[in-house]
Amino acid sequence: MSFLTVLYASLFYFAAAVLAAGLTYKVVQYARTPAPLKIPTTPAPTTRSGVVFRIAREVVLFESLFKGSKWTWIFGWMFHFGLFLVLLRHLRYFIDPVWLPIQLVQPFGIYGGIAMVVGLVGLWGRQPLPADLVLMLHLLLVIGLMLIFPFSKLLHGPGLFFSPTRNQVDNPREQRHIADWARRLEQS
Amino acid sequence: MAKVNFEVPELNRYAEIPAVTPGVMSHSKPYMAKSEFQADLGFPGELVDDWQKKAIAKMGELLGKYRSLQVYLDSCVKCGSCTDKCHYYLGTNDPKNMPVGRQDLMRKVYRRYFTLAGRYFPKLVGAEDFSKEVLDDWYSYFHQCSQCRRCSVFCPYGIDTAEISMAAREIMDSIGVGQKYCNEIIGKVYKIGNNLGLPGPALADTLEGLEEDVYDETGVKVRYPLDEEGVEILLVTPSADFFAEPHVDGLIGYGKVFHEAGVSWTISSYASEAANFGMFIGSYENMRRVAQRIRKAAIDLKVKRIVFGECGHAWRVAYSFLNTLAGPWDFLDPRYPVPQHMCEFTYDLMKQGKLKLDKSQNDDMVLTYHDSCNVARASRMGDTPGGQFDIPRAIIKATSNHFFDMEEETIRERTFCCGGGGGVLTDDLMEVRVKGAKPRVEALNNVMQEKGVTHMAAICAICKSQFTKVLPFYGMKMDQIVSVHQLVSNAIILTPGEDDEEAEDADEAA
């Protein structure tokens with residue numbers, strides 16, 4: 001097992017490094033790319049705090065998905081909330097002593113796991129996919145997930161925070177909004 | 001009504017989500033722009049030699065300029081929330097008219113050239129080379145998007161297909177594949193000042209005619225001035241308002257409202273167009289060039305305020321982009337927002353009790369209201385979010401006795417596009433226009449059957465033109481679509497000017 005232990009440990013460090021570096025790269029890329037025009041999907045909040053509240057509703061409640069498709073919303077929300085609980089529960093493997101909130105969440109993590117699987121099955125019901133193996137496979141999948149996160153549609157997570165239709169304040173008449181590359185057009 | 005070689009969809013009581021029929025709309029392509037029109041806009045005249053390389057380079061440039069494009073091409077998880085939200089999908093059954101299907105036409109190319117996975121494992125992630133077939137698909141399906149943003153309401157990440165179709169058109173223009181309708185119209189704005197190519201003298205004639213008509217009908221001298229310096233308000237309105245029905249009835253209404261407000265105003269022959277098709281083709285430079293004409297007109301005519309007439313995408317460009325494209329507006333009167341919508345102006349006046357309205361003048365109509373997509377989902381009116389829904393309705397209710405909304409799923413932020421927006425309003429796309437109108441016409445038909453609605457009011461020149469043309473395909477009458485300010489015009493009780501017997505300057509004396 002010691003070879004496997006070393007292998008898995010190295011893989012995890014590698015995957016964690018790729019995840020951190022890749023995500024940082026993408027987030028910096030999003031943050032640096034200008035949004036030259038005001039394009040919030042209206043009706044939109046007219047204040048910064050309103051925008052924070054809008055994004056919070058999207059992140060926590062999946063508000064737009066709720067409007068769009070109730071079935072996808074039910075399973076999608078179950079999956080993500082379950083994943084959230086499971087991740088919290090797994091923190092106990094990485095911290096010592098284990099923080100109190102993480103201790104308290106332990107019993108719920110199990111239900112989170114169930115919710116995740118139910119949610120995933122519900123979502124996969126629309127596009128069949130294989131499932132189910134043991135710990136090695138589980139860990140391998142986690143490694144895989146961490147590796148592909150920065151290069152795939154998993155970027156929807158950070159992406160939402162940078163979505164101009166969701167994160168912009170609706171105040172174009174009150175405040176002039178202009179990107180650097182667009183300002184250069186004015187000087188010519 | 002023109003001869004048709006396609007089947008007009010049947011209207012149902014309850015909206016149905018159709019089963020997909022792949023490729024049924026791939027034949028639909030608008031006419032290409034001729035090279036001389038491309039040149040006016042700074043685009044190559046025909047497909048350039050190494051078009052693939054240049055298109056990919058352009059895509060790279062846009063990815064660096066527009067965060068929306070970069071984030072939206074990365075973020076889609078194929079959740080399916082958007083699939084049944086596009087009126088073109090609902091009307092044509094073509095899966096490439098699902099928002100996600102349309103986006104994927106670009107996303108597969110993006111993945112191939114701009115992502116690690118797509119470069120090395122293209123099959124695994126659905127990445128594809130930018131082949132001639134893909135380009136043909138682009139030309140076809142990115143011109144079946146009216147950029148109405150309905151999909152963006154339902155996407156959990158706010159992905160807006162309009163951003164993607166705009167970028168696609170910009171990329172195609174950059175390699176010489178332009179759409180005739182949009183690009184020729186933008187050329188006309190540069191040469192003549194408006195989309196319809198109406199020169200100054202023709203405008204002067206038209207406006208003079210309107211003054212005579214209104215005087216004959218009401219006995220009150222209402223002015224419709226052109227190029228008058230030093231007045232308070234510059235009115236920027238879609239050029240369709242100068243002659244087409246029911247648009248012109250709206251313009252007559254604006255003049256009457258200004259008359260009652262006692263403010264001086266003018267139209268500019270140089271900026272005689274509210275529309276800005278630069279947005280449709282995703283070209284910041286062209287959109288800016290068109291918008292700058294309004295700035296120049298405002299400076300030259302020394303006005304203090306800018307008011308926009310009834311036009312959907314024009315109001316998006318005006319409300320959301322004008323400050324960016326042609327601001328700052330520090331030389332205008334800071335007491336008013338720049339620009340203002342005509343509906344905001346009329347509504348303010350109504351609230352101050354300065355408009356005398358006789359609702360019974362519109363008793364021959366039972367009305368409903370069509371929220372135009374760009375007004376609904378890309379702009380605002382008044383001080384609070386949603387004012388763009390409430391203010392036009394308040395005006396309709398103040399000017400008529402019979403008003404019923406269409407089903408909630410089809411109005412306000414969920415409104416269905418007329419089917420002609422975003423550069424689709426051209427006869428060579430008639431099949432797309434008729435089929436894309438289906439969800440809206442279905443909802444209209446329901447309130448006609450159940451509430452006895454006879455007319456639908458709108459505040460968009462494209463919507464008005466589109467419905468005028470398309471309603472007859474569904475067995476309805478072209479004049480069932482009316483302007484909101486047409487209702488105002490009918491209901492308003494004009495105050496005769498003191499000098500109504502004299503020849504001129506009624507307004508400026510007031």
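Data for the structure
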{"item": "Cross-link pairs beyond the 29 Å C-alpha cut-off, checked among B:Lys53/B:Lys435; B:Lys58/B:Lys180; B:Lys29/B:Lys296; B:Lys191/B:Lys302; B:Lys34/B:Lys302; B:Lys296/B:Lys438", "result": "B:Lys53/B:Lys435; B:Lys29/B:Lys296; B:Lys34/B:Lys302; B:Lys296/B:Lys438"}
{"item": "Residues B:Glu212, B:Glu431, sorted so that the one with the fewest Cβ neighbours within 10 Å comes first", "result": "B:Glu212, B:Glu431"}
{"item": "Per-residue HN-Hα couplings for the range B:319-332 [Karplus 6.51, -1.76, 1.60; θ = phi - 60°; Hz; x = Gly/Pro]", "result": "5, 8, 10, 4, 5, 6, 7, 9, x, x, 9, 5, 8, 9"}
{"item": "DSSP beta bridge pairing in the protein assembly as shown, given as percent antiparallel to the nearest 5", "result": "10"}
{"item": "Packing-based ranking, highest mean first, of B:361-367, B:203-209 given that Cβ atoms within 10 Å are counted", "result": "B:361-367, B:203-209"}
{"item": "Normalised contact order of the range B:262-391, rounded percent, pairs of Cα under 8 Å and 6 or more residues apart", "result": "23"}
{"item": "Residues B:His259, B:His370, B:His27 arranged by fewest to most Cβ contacts within 10 Å", "result": "B:His27, B:His259, B:His370"}
{"item": "Distance histogram in 20 Å bins (all Cα pairs of the protein assembly as shown, percent per bin)", "result": "17, 49, 26, 7, 1, 0"}
{"item": "Per-residue average of Cβ from other chains inside 10 Å of B:144-151", "result": "1"}
{"item": "Per-selection Kirkwood Rh - the range B:398-452 (Cα, Å, 1 d.p.)", "result": "12.5"}
{"item": "Listed residues A:Ser152, A:Leu100, A:Phe14: farthest to the positive end of the dipole of chain A (Cβ charges)", "result": "A:Ser152"}
{"item": "Theoretical ellipticity at 222 nm over chain A - DSSP helices of four or more residues, -39500 (n - 2.57) apiece, nearest 500", "result": "-22000 deg cm²/dmol"}
{"item": "Exercise: per-residue mean of other protein chain Cβ atoms within 10 Å, B:34-42", "result": "0"}
{"item": "Globularity ratio of the range A:5-49, using Cα Rg and 2.2 N^0.38 Å", "result": "1.99"}
{"item": "Values of log10 I(q)/I(0), in the order q = 0.12, 0.27, 0.29 Å⁻¹, for the range B:1-71 under a Debye, Cα-only, solvent-free model", "result": "-0.72, -1.25, -1.26"}
{"item": "Helix A:2-32 vs. chain A, principal-axis angle (Cα, 0 to 90°, nearest 10)", "result": "10"}
{"item": "Per residue, the convex hull volume that the Cα atoms of the range B:381-510 enclose (Å³)", "result": "166"}
{"item": "For chain B, the Rg and Dmax computed from alpha carbons only, in angstrom", "result": "23.0, 81"}
{"item": "Volume of the Cα convex hull of the range B:274-332, divided per residue and given in Å³", "result": "69"}
{"item": "Peptide ranges B:393-401, A:109-117, B:118-126 listed from the most packed, as the mean C-beta count within 10 angstrom indicates", "result": "B:393-401, A:109-117, B:118-126"}
{"item": "Tensor-based shape of the range B:307-361 (alpha-carbon gyration tensor, a/c under 1.5 rounded, otherwise prolate or oblate)", "result": "oblate"}
{"item": "Under the Karplus curve 6.51 cos²θ - 1.76 cosθ + 1.60, θ = phi - 60°, whole-Hz ³J(HN,Hα) for the range B:267-284, x wherever Gly or Pro sits", "result": "9, 9, 6, 6, 10, 8, 8, 7, 4, 9, 6, x, 5, 4, 8, x, 9, 4"}
{"item": "Sequence-distant residues sharing a close amide H with B:Lys221 (under 5 Å, placed H)", "result": "B:Gly497"}
{"item": "Per-peptide average of other Cβ atoms within 10 Å, ordering B:378-390, B:177-189 highest first", "result": "B:177-189, B:378-390"}
{"item": "With 5 Å bins from 0: P(r) over the range B:154-294, alpha-carbon pairs, percent", "result": "2, 9, 16, 18, 15, 12, 10, 8, 6, 3, 1, 0"}
{"item": "Histogram of C-alpha separations across the range B:1-154, 10 Å bin width, %", "result": "9, 32, 36, 18, 5, 0"}
{"item": "Å³ per residue enclosed by the Cα convex hull of the range B:134-197", "result": "108"}
{"item": "Disulfide-incompatible cysteines by the Cβ rule (no partner under 4.7 Å) in the protein assembly as shown", "result": "B:Cys76, B:Cys79, B:Cys86, B:Cys145, B:Cys155, B:Cys182, B:Cys311, B:Cys343"}
{"item": "HN-Hα J in Hz across the range A:78-93 - Karplus 6.51, -1.76, 1.60, θ = phi - 60°, x for Gly and Pro", "result": "4, 4, 5, 5, x, 4, 4, 4, 4, 5, 4, 5, 6, 4, 5, 7"}
{"item": "Sites matching trypsin sites (Lys or Arg not before Pro) across the range B:269-319 that sit in DSSP coil, with at most 15 neighbouring C-beta atoms within 10 Å", "result": "B:Lys302"}
{"item": "Mean separation of Cα contacts under 8 Å, 6 or more apart, over the residue count of the range B:45-122: relative contact order %", "result": "20"}
{"item": "Using alpha-carbon coordinates, inclination of helix B:99-114 to the longest axis of chain B, degrees", "result": "50"}
{"item": "Rg/Rg_ref, chain A, where Rg_ref = 2.2 N^0.38 Å and atoms are Cα", "result": "1.28"}
{"item": "Relative exposure of B:Met448, B:Met287, judged by other C-beta atoms within 10 Å (fewest first)", "result": "B:Met448, B:Met287"}
{"item": "The range B:75-92-the range B:97-159 distance, computed between alpha-carbon centres (Å)", "result": "13"}
{"item": "Global size of the range B:101-164 as Cα Rg and Dmax, reported in angstrom", "result": "12.8, 36"}
{"item": "Angle in degrees between helix B:200-218 and the longest Cα principal axis of chain B, rounded to the nearest 10", "result": "50"}
{"item": "For B:Met456, distant residues with modelled amide H under 5 Å away", "result": "B:Thr368, B:Ile481, B:Val482"}
{"item": "Euclidean distance between Cα centres, the range A:1-76 to the range B:245-321, Å", "result": "40"}
{"item": "Peptide-level mean, for B:309-318, of C-beta atoms on other protein chains within 10 Å", "result": "1"}
{"item": "Relative contact order of chain B, pairs being alpha-carbon contacts under 8 Å that are 6 or more residues apart, as %", "result": "18"}
{"item": "Amide H contacts under 5 Å for B:Gln179, placed H, 5+ residues apart", "result": "B:Ala33"}
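No value in this document is a laboratory result; all are computed from the given coordinates. Small disclaimer: the values here were computed from a predicted structure and weren't measured. Counting neighbours? That spans all protein chains shown, and the Cβs are built from the backbone with ideal geometry, glycine included.
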